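Here the structure is laid out as structure tokens; the discussion comes afterwards.
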Amino acid sequence: MSRRTVVVVGAGPAGLSAARAAARAGADVTLLDASDQVGGQFWRHRALPGGGTAPDEPTFHHGWGTFTALRDVVATHPRVTLLTSAQVWALERLDAGVRLRVLVGPADGAGREHLTLTPDALVLATGAHDRTLPFPGWQLPGVTTAGAAQALAKAERVAVGDRVVVAGAGPFLLPVASSLLRTGARVLSVHEAATPASMARGWGARPAGLLGAAHKAGELGGYVGTLARHRVAYRLGEAVVAARGDGRVEEVTVARVDARWSPVPGTERTVAADAVCVSHGFTPRLELAVAAACAISPDRFVVVDDEQRTSAAGVWAAGELTGIGGAEAALAEGWVAGHHAASGAPDDAGLARAARRRARSADFARRLDAAHGIRGGWTSWLRDDTLVCRCEEVDAGTLRAAACATGSADLRSVRLTSRAGLGPCQARICGRTVAELVGATEPAPGGDTGSAPAVPDRRPLVVPVRLGDLATLPDVPAADAP
Amino acid sequence: MSATSQGAGPRPLTITLDGRPFAGTEGQTIAGMLLAARRRSWRTTSVESAPRGVFCGIGVCFDCLVTVNGSRDVRACLRRAADGDVVETQHDPLPGVTS
Ligand SMILES: Cc1cc2nc3c(=O)[nH]c(=O)nc-3n(C[C@H](O)[C@H](O)[C@H](O)COP(=O)(O)OP(=O)(O)OC[C@H]3O[C@@H](n4cnc5c(N)ncnc54)[C@H](O)[C@@H]3O)c2cc1C
Ligand code: FES
């Protein structure tokens, strides 16, 4: 009898953990990641010749030992096939299961190799990316997401600027500021939109409540110490409301915000900076889950049960895709998902331990949202000429006019009229913002699989694919084994 | 740059952007090399001809597109630089992609 085949997409904390658990439970596992290294966003690291490790690598990461253990397992386990530089660009639903289309080779390269997989079970662990709310001037070079600053620091020891302002919402701003300092940048200040009162609601009344939150305590405490040593101010209830400059950012305007994140008039001040790194949270990479017709919650996460099983037959999900809980949660969820995808024994002791770790992390996700969740007042820092869609360069005024003209909150007609969200990023950056600005009520995807609702996450192709690559696509009969 | 734990440092490499040389080391992305040299933008947008460089840094926003060795629409934040890569800035009505 042939062994059960499990494909895991994404080799971050969730995917690595899922691949190990599935192999341990006896399945034949294929682990895919678009990047040419494993580790995902959390364990992004310097790529050195021969796979060497930079001596300072552990100082940029938490749980580096956990990572190297996982990496060694997936690299050497006889039942795990690891494929890096492997971009899944389409997912089709079959009568039983799914078919994945993969291109293997350098990022966006021409002539990459085609691969088609039809596994018995699929684990989606595609993670999340930063969500950055628009503000006047956010399209200027030098304005980046906080994740971009973190990625460049962790992978290349490159600082995105010399005089940097970090802003947005969430504890993620702290490791970003810390990494920037380590790569030699001067961090001028960190501005957290959450007010002291909502911080207290999420993390407890003591100012140090944030640090008391379960497993994150040591990690976040370390960052706060680093900021204090470098005399970097961590200011609550403040936001970057504008950036200005000639061809690149030269100064930013910071203002106090109220509990709803509306700027308080008269509190604006200007800071000279050559970079500003802004994130207001994370948004999951849903396209494969949507293509698989997995049910999506109203707050746009993949819905999973206790076994990390989605509503789509044969598809499991883990990590940031199912909720923003950090790397610990992703590791625990991955364990559970991989084990069940491989049809592992329900009374497994390792499974029980992973489920307990997952339960502990759930509290972190709740606190995170209570303290730092986006509040509606931010729209009052928009001006009519503030770009909302960066690709098609559609501003807030045009968007509102389109919403009025179409006389409805139908997202699809607003997008077609204004062109917002129709550019190369396929609304990944602006999709949720556009929907919120025009007050569109979106049907949750996945429920109705026959039609194609105008949700920002439904994309026929997961990434743009070269015409030449489509032309060489092998026609694969549905019965093909992976 | 620090050495690896094996003692062998990453090899230096050079690319050009519109003919201008940029130095870096093996394992760096094209975007990382340009940013390290304080270069902030390398694409101009279609509508407003405005400059763009890195925004998301992880392949999501498509702001950082460049032409590499004649091949258009390569995300500079994802593509590892190879020694001698000929990189060109892009200004285009719409990238030559399908969707
Ligand atoms: C840029 C960035 C930096 C971050 N840095 C930190 C940090 O320093 N500290 C922290 O606590 N949290 C950080 N986070 C939050 C982070 O998302 C989580 O801590 C953690 O990495 C989540 O793990 P995951 O396994 O769910 O997803 P990820 O780590 O995001 O892994 C998902 C993987 O899936 C791959 N993938 C996605 N789609 C496809 C596809 N179609 N085909 C093939 N592969 C695909 C991606 O390449 C990626 O490697 C960061 C987030 C971002 C966006
Ligand atoms: S910076 Fe966003 S895709 Fe490269």
message: I'd like to check something: does region A:61-70 contain any residue that is touching a residue at least 12 places away in the same chain (Cβ under 8 Å), hydroxyl-bearing (Ser, Thr, Tyr) and either more than 14 Å from every other protein chain (Cβ to nearest Cβ) or in contact with an Asp or Glu (Cβ under 6 Å, 6 or more places away or on another chain) (or both)?
response: yes
query: Within region A:245-272, can you find the residues that are of a type in the set (A, V, I, L, M), crowded, with 19+ Cβ neighbours inside 10 Å and within 18 Å of A:Ala193 (Cβ to Cβ)?
result: A:Val252, A:Val254, A:Ala255, A:Val257
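Quick one: which residue in A:Ala22, A:Ala18, A:Ala14 is over 28 Å from A:Glu57 (Cα atoms) and part of a helix (DSSP H, G or I)?
Numbers: A:Ala18 fails: over 28 Å from A:Glu57 (Cα atoms); A:Ala14 fails: over 28 Å from A:Glu57 (Cα atoms).
A:Ala22 is the lone residue from the list that is over 28 Å from A:Glu57 (Cα atoms) and part of a helix (DSSP H, G or I).
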query: Considering only residues of region B:60-79 that are within 16 Å of ligand 1 (Cβ to nearest atom) and within 7 Å of chain A (Cβ to nearest Cβ), which is farthest from A:Ser35 (Cα to Cα)?
result: B:Asp63
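Considering region A:305-332 alone, what residues qualify as being in a helix (DSSP H, G or I) and in contact with a Lys or Arg (Cβ under 6 Å, 6 or more places away or on another chain)? Break it down stepwise before answering.
Narrowing region A:305-332 to residues in a helix (DSSP H, G or I): A:319-322, A:326-332.
Correct list: A:Ala332 only.
What number of residues within region B:70-79 are part of a strand (DSSP E or B) and within 13 Å of ligand 2 (Cβ to nearest atom)? Don't jump to the end; show me each part of the working.
Initial filter on region B:70-79 (part of a strand (DSSP E or B)): B:71-75.
Now drop any that are not within 13 Å of ligand 2 (Cβ to nearest atom), which leaves B:73-75.
Of the residues in that region, 3 qualify.
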statement: The condition from (1) under 15 Å from A:Leu288 (Cβ atoms); (2) outside any helix (DSSP H, G or I) that A:Trp43 misses is numbered (1)
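Could you grab me the full set of residues in region A:223-241 that are outside any strand (DSSP E or B) and loosely packed, with under 15 Cβ neighbours inside 10 Å?
Just the residues of region A:223-241 that are outside any strand (DSSP E or B), to begin with: A:223-232, A:237.
Passing the criteria: A:Gly225, A:Ala228, A:Arg229, A:His230, A:Arg231.
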Which numbered condition A:Ala370 fails, given (1) surrounded by fewer than 16 Cβ atoms within 10 Å (Cβ to Cβ); (2) within 14 Å of chain B (Cβ to nearest Cβ); (3) touching a Lys or Arg at 6+ places or on another chain (Cβ under 8 Å): (2)
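Answer yes or no as to whether A:Ala121 is away from ligand 2 (no atom under 16 Å from the Cβ), of a type in the set (A, V, I, L, M, F, W, C), closer than 19 Å to A:Ala86 by Cβ and surrounded by fewer than 24 Cβ atoms within 10 Å (Cβ to Cβ). Working first, answer last.
On the way: away from ligand 2 (no atom under 16 Å from the Cβ): yes; of a type in the set (A, V, I, L, M, F, W, C): yes; closer than 19 Å to A:Ala86 by Cβ: yes; surrounded by fewer than 24 Cβ atoms within 10 Å (Cβ to Cβ): no.
No: the conditions fail for A:Ala121.
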task: Name the helices (runs of 4 or more DSSP H) wholly inside region A:99-206 in which the number of residues that are more than 14 Å from chain B (Cβ to nearest Cβ) and at pLDDT 95 or above is 1 or more.
output: A:173-182
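The values are calculated or read from the model by the stated rules, or taken from the named source; none is laboratory data. These numbers were taken from a predicted model, which means no experiment stands behind them. Glycine also receives a Cβ, built like all others from the backbone with ideal geometry; neighbour counts cover every protein chain displayed.
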